[in-house]
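Reviewing the structure listed below.
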Amino acid sequence: MSAQVVADDILKIAKRRGMSLTPMQLMKLVYISYGWYLAMHNDKLFNDRIEAWKYGPVIPNLYQATKRFGRDEIPTDLVADGPISNPSMEAFYDSIVENYGKYSGIALSNLTHRQGTPWQRVFQTNVMSTEIPDEYIRDHYQQGLDARRATPTPA
């Protein structure tokens, strides 16, 4: 699977929820999906490279596909209707959109810039194309998974 397929699926789910996403929001949602999937399944969601850019993790192929929209929302009429590419992933993507889709691109970017994040561990000012290692991404999201599992559920 490619990051573009994941992005298309996330756009379909957002459209069903009556939401539009900017390219930055979409980029961060695809990255967050990758991180959670990697932690939960110890497997890659897609094979595209993830790099540390100024505004956080970027998938260069996805950036090239969406940059024409700039800071504007990606028009929902460009998003195909119908099922997502892998129906077994629908609940997973829906939970990503539900939990993170309400945040602006800048808010999501700030989330990826926190101390100790995979981006923060490798980013260097004025250095482009630094790949973020999967082990950093997995470890970061595994910590989040472990924290969720340690939190007791209300009776």
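The values are calculated or read from the model by the stated rules, or taken from the named source; none is laboratory data. Quick caveat: nothing in here was measured; it's all calculated off a predicted structure. Glycine also receives a Cβ, built like all others from the backbone with ideal geometry; neighbour counts cover every protein chain displayed. Side chains included, ligands, DNA and RNA excluded: accessible areas come from the protein's heavy atoms. Shrake-Rupley method; radii C 1.70, N 1.55, O 1.52, S 1.80 Å.
Any idea which residue in region 115-135 is least open to solvent (accessible area, probe 1.4 Å), counting only those that are closer than 12 Å to V58 by Cβ and in a loop (DSSP other than H, G, I, E, B)?
So the residue we want is I132.
Identify, please: which residue in region 21-42 is over 18 Å from S95 (Cβ atoms) and out of contact with any Leu (no Cβ under 9 Å at 6 or more places or on another chain) and is, among those, least open to solvent (accessible area, probe 1.4 Å)? Lay out the reasoning, then the answer.
Of all residues in region 21-42, those over 18 Å from S95 (Cβ atoms) come to 22-24, 27, 42.
Going one step further and asking which of them are out of contact with any Leu (no Cβ under 9 Å at 6 or more places or on another chain), we end up with 22, 42.
On the way: T22: 25, N42: 105 Å².
The residue in question is T22.
How about region 40-63: which of its residues are more than 21 Å from R121 (Cα to Cα) and of a type in the set (S, T, Y)?
The answer is Y63, and nothing else.
Pick from A107, A39, A65, A52: which is modelled with pLDDT of 90 or more and part of a strand (DSSP E or B)?
On the way: A107 fails: part of a strand (DSSP E or B); A39 fails: part of a strand (DSSP E or B); A65 fails: part of a strand (DSSP E or B).
Checking each option against the conditions leaves just A52.
Using beta carbons and a limit of 7 Å, which pairs, at least six apart or on different chains, have the first residue in region 61-82 and without any contact (Cβ under 8 Å) to a residue 60 or more places away in the chain and surrounded by 10 or more Cβ atoms within 10 Å (Cβ to Cβ) and the second one of a type in the set (V, I, T) and part of a helix (DSSP H, G or I)?
Note: pairs meeting the criteria are L62/V30.
For the structure I just gave you, tell me whether D134 is in contact with a Leu (Cβ under 7 Å, 6 or more places away or on another chain), among the charged types (D, E, K, R) and touching a residue at least 12 places away in the same chain (Cβ under 8 Å). Step through it out loud before you land on a result.
Numbers: in contact with a Leu (Cβ under 7 Å, 6 or more places away or on another chain): yes; among the charged types (D, E, K, R): yes; touching a residue at least 12 places away in the same chain (Cβ under 8 Å): yes.
Spelling it out, D134 is indeed in contact with a Leu (Cβ under 7 Å, 6 or more places away or on another chain), among the charged types (D, E, K, R) and touching a residue at least 12 places away in the same chain (Cβ under 8 Å).
Before we move on, is I96 surrounded by 14 or more Cβ atoms within 10 Å (Cβ to Cβ) and part of a loop (DSSP other than H, G, I, E, B)? Outline the logic, then answer.
Values: surrounded by 14 or more Cβ atoms within 10 Å (Cβ to Cβ): yes; part of a loop (DSSP other than H, G, I, E, B): no.
Here the answer is no, as I96 does not meet what is asked.
For E90, are the conditions met, namely being touching a residue at least 60 places away in the same chain (Cβ under 8 Å) and touching a strand residue (DSSP E or B) at 6+ places or on another chain (Cβ under 8 Å)?
Working: touching a residue at least 60 places away in the same chain (Cβ under 8 Å): yes; touching a strand residue (DSSP E or B) at 6+ places or on another chain (Cβ under 8 Å): no.
Considered against the rule, which asks whether it is touching a residue at least 60 places away in the same chain (Cβ under 8 Å) and touching a strand residue (DSSP E or B) at 6+ places or on another chain (Cβ under 8 Å), E90 comes out as no.
So which residues in region 43-60 are open to solvent by 40 Å² or more (accessible area, probe 1.4 Å) and within 20 Å of S104 (Cα to Cα)?
Taking region 43-60 and keeping what is open to solvent by 40 Å² or more (accessible area, probe 1.4 Å), we get 43-44, 47, 49, 53-55.
Within region 43-60, W53, K54, Y55 meet the criteria.
Among the residues of region 5-20, which ones are open to solvent by 70 Å² or more (accessible area, probe 1.4 Å) and in contact (Cβ under 8 Å) with a residue 40 or more places away in the chain?
Across region 5-20, the qualifying residue is only R17.
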